[in-house]
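The next block holds one structure in the form of structure tokens; read it before the comments.
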Amino acid sequence: MRTLAKIGCLAVGFLGFQSGCSCELSQPNLEEQNMAVIRQAHAALAAGDLEGFKAVLAPNYVRHCQAMPPELQEIRGTGPFLAFIEDFTSAVPTYQDVIGPMIAQGDMVAYVSTMTGTQTGPMGDLPASGKTFTVVNIIIQRLEDGKVAETWVSWDNLAMLSQLGFFPPPVTTQDAS
């Protein structure tokens with residue numbers, strides 16, 4: 001009978017409905033634990049606790065984001081990633097990130113977050129604008145041994161640049177001629 005239940009869960013899983021299946025293959029405890037790690041990471045960052053944030057990152061951490069300048073599209077290692085986070089939170093000390101819908105399957109967690117803040121410091125080669133932004137992020141994270149090992153982020157950088165007043169770029173007299 002147990003074999004029949006597993007076969008039934010596999011069949012349901014292949015049809016894309018595994019999240020509703022209550023068998024050993026769905027790993028609800030692992031998935032709940034992984035979602036808790038993500039919430040813990042966001043809470044630590046929101047509190048300005050970079051050590052607490054670092055504690056949930058795997059040593060081989062990798063972040064992927066197409067919306068960034070080429071040198072930041074893939075960040076490898078906790079050190080470079082924490083330096084990126086420190087630069088960002090220095091530029092946007094009022095940074096807040098609210099987690100929306102979240103789902104998990106195995107070692108993967110996907111969610112939507114809404115990020116807000118006011119840019120009071122330089123961000124890369126962009127000077128402080130003093131303007132506020134709101135950006136929606138779609139994030140997928142892979143966990144290893146209870147730590148975030150890899151992140152894929154998708155967000156509308158043009159929306160953020162527009163809100164901060166950097167896009168479209170200002171027209172110079174040379175551009176106008």
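The values are calculated or read from the model by the stated rules, or taken from the named source; none is laboratory data. No experiment lies behind these values; they were computed from the predicted model shown. Cβ: placed from backbone, ideal geometry, glycine included. Neighbour counts: every protein chain shown.
What to note about this one:
- The lone criterion from (1) without any contact (Cβ under 8 Å) to a residue 24 or more places away in the chain; (2) in a helix (DSSP H, G or I); (3) of a type in the set (A, V, I, L, M) left unmet by residue 171 is number (2).
- Among the residues of region 26-73, just one is of a type in the set (Gly, Ala, Ser), farther than 30 Å from residue 126 by Cα and modelled with pLDDT under 95, namely 26.
- Answer from 156, 97 - the residue that is surrounded by fewer than 15 Cβ atoms within 10 Å (Cβ to Cβ) and not polar (S, T, N, Q): 156
- If only residues of region 103-127 that are exposed (fewer than 15 other Cβ atoms within 10 Å of the Cβ) and in contact (Cβ under 8 Å) with a residue 60 or more places away in the chain are counted, the one that is farthest from residue 157 (Cα to Cα) is 106.
- Residue in region 60-71 that is surrounded by 14 or more Cβ atoms within 10 Å (Cβ to Cβ) and touching a Gly at 6+ places or on another chain (Cβ under 9 Å) present: yes
- The single residue among 100, 130 that is farther than 22 Å from residue 70 by Cβ, touching a residue at least 12 places away in the same chain (Cβ under 8 Å) and either part of a loop (DSSP other than H, G, I, E, B) or in contact with a helix residue (DSSP H, G or I) (Cβ under 8 Å, 6 or more places away or on another chain) (or both) turns out to be 130.
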